[in-house]
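Student: Handing you this structure, nothing more for now.
The values are calculated or read from the model by the stated rules, or taken from the named source; none is laboratory data. For clarity, every value in this text was computed on a predicted model and none was experimentally measured. Cβ atoms come from the backbone with ideal geometry, glycine included; neighbour counts cover every protein chain shown.
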Number of protein chains: 2
Amino acid sequence: MNIGDVASLSGLPAKTIRYYEEIGLVSPLRGPNGYRRFRDSDLHKLNFLGRARSLGFSIEECRNLLAMYEDQERASADVKRLAEQHLESIDRKISELQDMRSTLAHLVDACAGDHRPDCPILADLAAVDGEEDERRDRRATG
Amino acid sequence: MNIGDVASLSGLPAKTIRYYEEIGLVSPLRGPNGYRRFRDSDLHKLNFLGRARSLGFSIEECRNLLAMYEDQERASADVKRLAEQHLESIDRKISELQDMRSTLAHLVDACAGDHRPDCPILADLAAVDGEEDERRDRRATG
DNA sequence: CTTGACCTTCCAGTCGCTGGAAGCCCCATA
DNA sequence: TATGGGGCTTCCAGCGACTGGAAGGTCAAG
């Protein structure tokens, strides 16, 4: 298979696949014309990578997962540990975003959104240090 | 004020402040020794930027917010629109992360995490295309 | 024989910083 | 007055994970 074939089969852009080769995640053969020649096992790896990436694992984590996948000896506990760490980092990100979300939602609510210039959103952003308490009070009250 | 002063007052690293100058977000004066000389208004801007960044606005959005803040003419509706768009993008990110989270949590649950090599996490990652239905079934059943 | 799709490499850019090197400047202390 | 230590300056490089584009080779169809 050429790169275009594995690209459409795996759903990954050809550029990404070349990049994955460059950083050593896949190692397709080469044909006499210099074209990459992908085996079924390469496609399999790319699918694995695509799915792991879609779950938010970093490239290095993917490399790790792939190595574990190919190591018949490793304990499932090793995989689980990695997955749990990733789960925690997802949870941290979610809660950061939820904090932003709630602050921002309050501000949006408080803003009239009309032709007048007065805007609580900008007022909040411009609040000087030491006004956090007032900020919190406004949120609680609002 | 020198850069170190505004750095500690604003909570932004000096490197970041230099970067903000480079991209035109702040324009401190210069002393005869070449040092940046920050006015109160510069510190004010940096606080504004720090707070907007902490709410997840991109640099370009911050530039926009700052311009709106300094434009006495603009309608609060303009600000509100930008904030609402940002809110939507936060919501999209949260829901992507929640999707990842739930898939991953199921997989982690299903994994014994002991010394044996069999691992549902890797099995899922390695599942070939066309097995999404089974994947969903397993999740629903699990 | 030409067209157009596909493939190759290489370089640059994205975003928002961050680290580090090399070299001034300023102030306090011996 | 020398010295030491901190703070300041500029410039360049790198992070992660691609993505875009240029310049050119290859292949199959008409």
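Student: Answer with yes or no whether B:V6 is closer than 23 Å to A:A123 by Cβ, more than 14 Å from DNA strand C (Cβ to nearest atom) and touching a residue at least 40 places away in the same chain (Cβ under 8 Å).
Tutor: Working: closer than 23 Å to A:A123 by Cβ: yes; more than 14 Å from DNA strand C (Cβ to nearest atom): yes; touching a residue at least 40 places away in the same chain (Cβ under 8 Å): yes.
Yes; evaluated as a whole, the condition is true for this residue.
Student: Restricting the search to the range A:68-78, which residues are more than 7 Å from every other protein chain (Cβ to nearest Cβ) and either in a helix (DSSP H, G or I) or buried (at least 16 other Cβ atoms within 10 Å of the Cβ) (or both)?
Tutor: Passing the criteria: A:E70, A:D78.
Student: Which of the residues belonging to the range B:34-67 are within 7 Å of chain A (Cβ to nearest Cβ) and in contact (Cβ under 8 Å) with a residue 12 or more places away in the chain?
Tutor: Across the range B:34-67, the qualifying residues are B:N47, B:F48, B:A52, B:L55, B:G56, B:L65.
Student: Quick check on B:R81: is it away from DNA strand C (no atom under 16 Å from the Cβ), modelled with pLDDT of 95 or more and more than 7 Å from chain A (Cβ to nearest Cβ)? So that I can check it myself, show each step before the final result.
Tutor: Numbers: away from DNA strand C (no atom under 16 Å from the Cβ): yes; modelled with pLDDT of 95 or more: yes; more than 7 Å from chain A (Cβ to nearest Cβ): yes.
Yes: the conditions hold for B:R81.
Student: Looking at the range B:93-100, can you tell me whether even one residue there is more than 7 Å from every other protein chain (Cβ to nearest Cβ), closer than 23 Å to B:R53 by Cβ and at pLDDT 95 or above?
Tutor: Initial filter on the range B:93-100 (more than 7 Å from every other protein chain (Cβ to nearest Cβ)): B:95-96, B:99.
Now narrow it down to the ones that are closer than 23 Å to B:R53 by Cβ: B:95-96.
After this cut, where a residue has to be at pLDDT 95 or above as well, the list is B:95-96.
Scanning the range B:93-100, I find at least one residue that is more than 7 Å from every other protein chain (Cβ to nearest Cβ), closer than 23 Å to B:R53 by Cβ and at pLDDT 95 or above, so the answer is yes.
Student: Kindly indicate the residue of the range B:26-60 that is surrounded by fewer than 19 Cβ atoms within 10 Å (Cβ to Cβ) and assigned to a loop (DSSP other than H, G, I, E, B) and also farthest from DNA strand C (Cβ to nearest atom) among those meeting that condition.
Tutor: B:R39
Student: Something else now. Here are some residues: B:A14, B:A7. Which one is away from chain A (no Cβ under 12 Å) and either away from DNA strand D (no atom under 16 Å from the Cβ) or in contact with a Gly (Cβ under 8 Å, 6 or more places away or on another chain) (or both)? Please lay out each step first, then the result.
Tutor: Numbers: B:A7 fails: either away from DNA strand D (no atom under 16 Å from the Cβ) or in contact with a Gly (Cβ under 8 Å, 6 or more places away or on another chain) (or both).
Of the residues listed, the single one that is away from chain A (no Cβ under 12 Å) and either away from DNA strand D (no atom under 16 Å from the Cβ) or in contact with a Gly (Cβ under 8 Å, 6 or more places away or on another chain) (or both) is B:A14.
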